[in-house]
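What follows is a single structure, written as structure tokens, with notes after it.
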Amino acid sequence: MAEVKLAAQVRTDFGKGAARRARRADLVPAVVYGHGAEPQHVAIHNHALMMALKTPNALIRLEFDGKSALVIPKAVQREAIRQFLVHVDFLAVKKGEKVSVEIPIHVEGDLAPGQLVLEHVLNTLPVEAEATHIPESVTVSVEGLDAGDSVLAKDIVLPSGSSLAVEDDAVVVQVIAAQAEAPAEEASEGGEEAAEA
């Protein structure tokens with residue numbers, strides 16, 4: 001995964017008022033923590049950070065106050081409706097260090113013929129990976145799967161250097177038969193009978 005360089009400013013003002021002022025200046029408040037060091041409060045230009053975070057588990061080189069820190073996003077807070085960035089927590093990492101991350105799961109292939117529904121039990125797969133080689137995603141094939149079939153975490157081929165951070169037998173996706181809906185009349189009659197009883 002390529003490193004993304006971002007310039008940051010050290011924050012000395014804290015609290016809601018300071019955060020609002022930062023956002024008005026098109027900056028996103030953030031904190032860098034890890035390796036037993038004191039948390040470092042910074043602010044990063046909104047657009048640059050938003051572009052960097054389009055890649056899940058982005059590896060970011062933050063440059064601030066004459067220092068440089070290699071980080072990955074651990075918690076990204078967005079405004080509920082407009083989805084703009086509100087705050088980001090970054091974990092400081094080092095080359096060679098293993099980190100626990102959640103990798104997006106992509107599904108490919110067609111299910112067996114019939115009225116089938118694919119249920120995503122997990123949308124992301126917890127893995128441990130080397131901080132500078134975090135996989136962008138994993139692919140799960142559901143080709144030909146039928147009702148009752150499932151794909152377990154241990155069935156997924158992980159990139160070299162990555163290992164599961166979830167039980168081997170955790171269900172990732174499963175195939176279920178589509179349920180036919182009862183006609184509305186029958187459902188309402190059943191309700192009336194229940195009310196009379």
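Lysine pairs in region 1-114 whose alpha-carbon atoms fall under 23 angstrom of each other, counting only those eight or more residues apart or on distinct chains, come to 17. Charged neighbours of Arg23, selected by a Cβ distance under 15 Å, balance to +4 (K, R count +1; D, E count -1). Just check region 52-137 against the gyration tensor rule for me: Cα atoms, a ≥ b ≥ c as the square roots of the eigenvalues, rounded for a/c under 1.5, and otherwise prolate or oblate depending on whether a/b exceeds b/c. Oblate, since a/c reaches 1.5 and b/c is not below a/b.
Restriction of the chymotrypsin sites (Phe, Trp or Tyr not before Pro) in region 1-108 to DSSP coil positions whose beta-carbon has at most 16 other beta-carbons within 10 angstrom yields Phe14, Phe84. One chain, two ends: Lys54 and Asp168. Fully extended at 0.36 nm per residue, the span grows by 38.1 nm beyond their Cα-Cα distance.
Simple spin-label estimate for His35 and Ala177 gives 5.7 nm between the two label positions (7 Å along the Cα-to-Cβ direction from each Cα). Determine which residues of region 4-26 fall in the zone a paramagnetic label at Ala80 would reach in this model, i.e. backbone nitrogen under 20 Å from the point 7 Å along Cα→Cβ. Residues passing the 20 Å test: 16-17, 20. The sum of -39500 (n - 2.57) across all DSSP H runs of n ≥ 4, divided by the residue count of the chain, sets its helix-only mean residue ellipticity at 222 nm to -4500 deg cm²/dmol.
Each distinct pair of alpha carbons in the chain adds a 1/r term; the inverse of their mean, the Kirkwood radius, is 20.1 Å.
Here, each number is a calculation from the coordinates, and none is a lab measurement. Because the structure is predicted, anything quoted here is derived from the model rather than measured. As a convention, Cβ positions derive from the backbone with ideal geometry for all residues, glycine included, and neighbour counts pool all protein chains shown.
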